[in-house]
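Undergrad: Would you mind keeping the following structure in view while I ask a few things?
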């Protein structure tokens, strides 16, 4: 039993000796901070519902490298975003500008909401008319029979 404990301790010590110091997270902290700010405003083209900063897709990593290179080349944040938009279109931005080509993107959800409410109102009105029409279309015989059945039920109580 003591041999097992000694062997376990030796294995743990070997692991500590072989451990390396973690590489620095970034060569230049200022570049990485700018990269993170810009990448939060850009959409991952693979995931589409994640920012470029949060995505682990291979394309997202390539795009982050490209943004990092542009920052190191001295480009401003606006120039970096303009480069990405020129390459991938307004879709790459989480908040695309309001212009004629993006009106449907900005107004589409509201149009769908209005269309849904209009369809619901139309359906409810039509259903209401159908129900009132059904109640008034009883023939005289059917009306007498319904009255008799209701009277019979009241008599049982």
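Undergrad: Going by a ≥ b ≥ c, the root eigenvalues of the Cα gyration tensor, does the stretch 79-154 fall in the rounded group (a/c under 1.5), the prolate group (a/b larger than b/c) or the oblate group?
TA: Prolate shape, in that a/c is at least 1.5 and a/b is the bigger ratio.
Undergrad: In which sequence would 139, 51 go, from the one with the fewest C-beta neighbours within 10 Å to the one with the most?
TA: 139, 51
Undergrad: Would you mind ranking 113, 105 so that the residue whose beta carbon has the fewest other beta carbons within 10 Å leads the list?
TA: 113, 105
Undergrad: What nm value, rounded to one decimal, do you get for the distance between residue 91 and residue 79 when each label is placed 7 Å out toward the C-beta?
TA: 2.8
Each reported figure results from applying straightforward, stated rules to the coordinates on display, with no laboratory input. Because the structure is a prediction, the values reported are computed rather than measured. Backbone-built Cβ (ideal geometry, glycine too); neighbour counts: all protein chains shown.
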